[in-house]
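The values are calculated or read from the model by the stated rules, or taken from the named source; none is laboratory data. Fair warning: this is a prediction, and the values are worked out from it, not measured in the lab. With ideal geometry, Cβ positions are generated from the backbone for all residues, glycine too; neighbour counts draw on all protein chains shown. Please note that ligands, DNA and RNA were not included when accessible areas were found on the heavy atoms of the full protein model with its side chains. Shrake-Rupley method; radii C 1.70, N 1.55, O 1.52, S 1.80 Å.
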There are 2 protein chains.
Amino acid sequence: MSREIFDICIVGSGPAGLSAAVNAHVRRKKILLFSGESGLSKVNLSPRVDNYLGFPAINGNDLYQKFKEHVEEFKIPLVPQKVQTIGPMDSLFMLQARDTVYESKAVIIATGVAAQKLIRGEDAFVGRGISYCATCDGPLYQGKVVTVLDYTGEGAEESHFLADFCSKVYYVNMTKKSPAFKKTNIEVITGDPPEEITGGDTVSTLKTKSRTVDTDGVFIFRETYPPGELVPGMEIEGGSVKVNRKMETNIRGLYAAGDCAGKPYQVAKSVGEGQTAALNAVAYIDALELADT
Amino acid sequence: MSREIFDICIVGSGPAGLSAAVNAHVRRKKILLFSGESGLSKVNLSPRVDNYLGFPAINGNDLYQKFKEHVEEFKIPLVPQKVQTIGPMDSLFMLQARDTVYESKAVIIATGVAAQKLIRGEDAFVGRGISYCATCDGPLYQGKVVTVLDYTGEGAEESHFLADFCSKVYYVNMTKKSPAFKKTNIEVITGDPPEEITGGDTVSTLKTKSRTVDTDGVFIFRETYPPGELVPGMEIEGGSVKVNRKMETNIRGLYAAGDCAGKPYQVAKSVGEGQTAALNAVAYIDALELADT
């Protein structure tokens, strides 16, 4: 059996991975798209996306279906497997997925960020009162009570934003900082870790160690797992894959795009980066081929 | 009359500018969007866009109309004027447009790239056989004859791509390089500058100084005007506004996005960068306000 070598393997099928696939396909490259075991994206969970240009006020799941249809229309091969490890070998990459090894000239990592779900009840209420993005979901809570759980410090600015139109914002400070809010509808809870989220159809209360707070929504800002374990030697900076403006990592032929390449964690940013990574990977492969002649 | 100070002024209403506007609006900032005198974008001219995720195979003008509708649905104020100059003053920017000066805390430049139209007939055939993007329009010329006018060197790789599915590619080399093509359907024309493009409904011939070539399409790759003249002191690199991964320029509070910030010149990349620029401008303004308290 002859070895099959792909031009570009794309790891991850969220907005960044799908955009990379569409762009590499348009440039007539031989590609494989790994979707992981579930084939789902975080976008699925967002009740409404307002800021992906061309689709005002669309449900996250509907938007993701449009993305998938685009890829299906182009008949792009999708492998429903999780890539366990990627090894740079000479001028090729070896990708290990389940019991198969794939070989590729270039690789684009678009694995997103893994949300650590730690609070009791959090998993059950995602998309039903729990959110990880105030820009995306904040406007749904106009005139309502929300709670921000801040593990990273970014929740302070987000609370400031939410307080503009929510009736009340509880700010549960799990950081070492002490932000000073001037808005009087922000109440700071310090030294009192969150323990459980409860509700009926949607979230209704947050229990901390020492009190119970009635709330319509909970926004959680938390560090994520570092993506560095996928590729030995790939440089990480501030928890994200370190890339330049061409979405190149420190390893030649290896690109990253989307949430795994840093903030903001947003659909349009991911789609744009997927495109940039793919077109630069295409140029990289073409340069290899021209050098061969 | 009291001074009116905007949070974010956005200069340019192509995909990057519109995306920045949508994102700044979602974050409830007071914005102004300058569309220039024509209000048009280069996207309008593309007969087909295949690689903006969510819209497979859409006409460029139709896609741009979807973008405009998104902005109109949000009732974002649009100023149909060209910004002549932007002056950083203390912690504010002064924007001069026609006879009015606008003040803004942050500015996003999304002015695109100015295509220098130099060859006789070029202007008349844009979108009717003349293109500036092989990725976008190349697939329309399956089995046909195309001509690449290369002033920058990027036309070599593009010719390589086009030769995969066009019957013949004339490569008019206006660079100092001598690319070696292995594909036999690429014919190199050297030392023979293009002078005129002619045709009927669409392009049919290219005249160079010494010969006339029958061609169905002409792809032009050319340096563009530097965007640096808009803002004194703004750093330029390789003809583009120099930005980091946050789309920050070298001037605090000044961001750039889209084609003016560098290649690839593509819709999704521009939309993503507009989003990143807007969200970072929002964070910049919020930090200014928190510092004020």
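Structure summary
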read-out	value
Neighbours by Cβ (under 7 Å, 6+ apart or cross-chain): first from the range A:155-183, within 16 Å of A:Lys144 (Cβ to Cβ) and not assigned by TED's automatic domain parsing to the domain that holds A:Lys144; second buried (at least 20 other Cβ atoms within 10 Å of the Cβ) and among the aliphatic types (A, V, I, L, M)	none
Residue count for the range B:27-44, restricted to those that are within 7 Å of chain A (Cβ to nearest Cβ) and without any contact (Cβ under 8 Å) to a residue 40 or more places away in the chain	1
Among the candidates B:Lys269, B:Lys246, residue that is modelled with pLDDT of 95 or more and part of a helix (DSSP H, G or I)	B:Lys269
Condition broken by B:Thr205, with the remaining ones in (1) of a type in the set (S, T, N, Q); (2) farther than 30 Å from A:Thr276 by Cβ; (3) under 26 Å from the mean Cα position of the chain (by Cα); (4) open to solvent by less than 60 Å² (accessible area, probe 1.4 Å) satisfied	(3)
Residue match in the range A:82-100 (condition: under 18 Å from the mean Cα position of the chain (by Cα), assigned by TED's automatic domain parsing to the domain that holds A:Gly14 and crowded, with 22+ Cβ neighbours inside 10 Å)	yes
Hits in the range A:45-69 (condition: at the interface with chain B (Cβ under 7 Å from one of its Cβ atoms) and in a loop (DSSP other than H, G, I, E, B))	A:Asp50, A:Asn51, A:Leu53, A:Gly54, A:Phe55, A:Pro56
Residues being surrounded by 14 or more Cβ atoms within 10 Å (Cβ to Cβ), of a type in the set (Gly, Ala, Ser) and either more than 12 Å from every other protein chain (Cβ to nearest Cβ) or not in a loop (DSSP other than H, G, I, E, B) (or both) - total across the range B:154-193	3
Residue within the range B:15-22 that is in a strand (DSSP E or B) and either in contact with a Cys (Cβ under 8 Å, 6 or more places away or on another chain) or open to solvent by 10 Å² or more (accessible area, probe 1.4 Å) (or both) present	no
Flag for A:Val71 being of a type in the set (Val, Ile, Thr), open to solvent by 10 Å² or more (accessible area, probe 1.4 Å) and touching a strand residue (DSSP E or B) at 6+ places or on another chain (Cβ under 9 Å)	no
Selection count where residues are over 15 Å from the mean Cα position of the chain (by Cα) and at pLDDT below 90, scope the range B:127-138	2
Per-region count, the range A:161-183, residues of a type in the set (S, T, N, Q) and touching a Phe, Trp or Tyr at 6+ places or on another chain (Cβ under 8 Å)	1
Meets criteria (surrounded by 24 or more Cβ atoms within 10 Å (Cβ to Cβ), without any contact (Cβ under 8 Å) to a residue 24 or more places away in the chain and assigned by TED's automatic domain parsing to the domain that holds B:Val107) for B:Lys269	yes
Residues (within 11 Å of another protein chain (Cβ to nearest Cβ) and among the hydroxyl-bearing types (Ser, Thr, Tyr)) located in the range B:243-267	B:Tyr265
In the range B:274-291, the residues that are facing chain A (nearest Cβ under 9 Å) and surrounded by fewer than 23 Cβ atoms within 10 Å (Cβ to Cβ)	B:Asn280, B:Ala283, B:Asp286, B:Ala287, B:Glu289, B:Leu290
Scan of the range A:123-153 for residues that are small (Gly, Ala, Ser), under 20 Å from A:Lys183 (Cβ atoms) and open to solvent by 10 Å² or more (accessible area, probe 1.4 Å), ordered by number	A:Gly143, A:Gly153
Of all residues in the range B:28-59 being over 28 Å from A:Thr135 (Cα atoms) and touching a Gly at 6+ places or on another chain (Cβ under 8 Å), the one that is modelled with the highest pLDDT	B:Val49
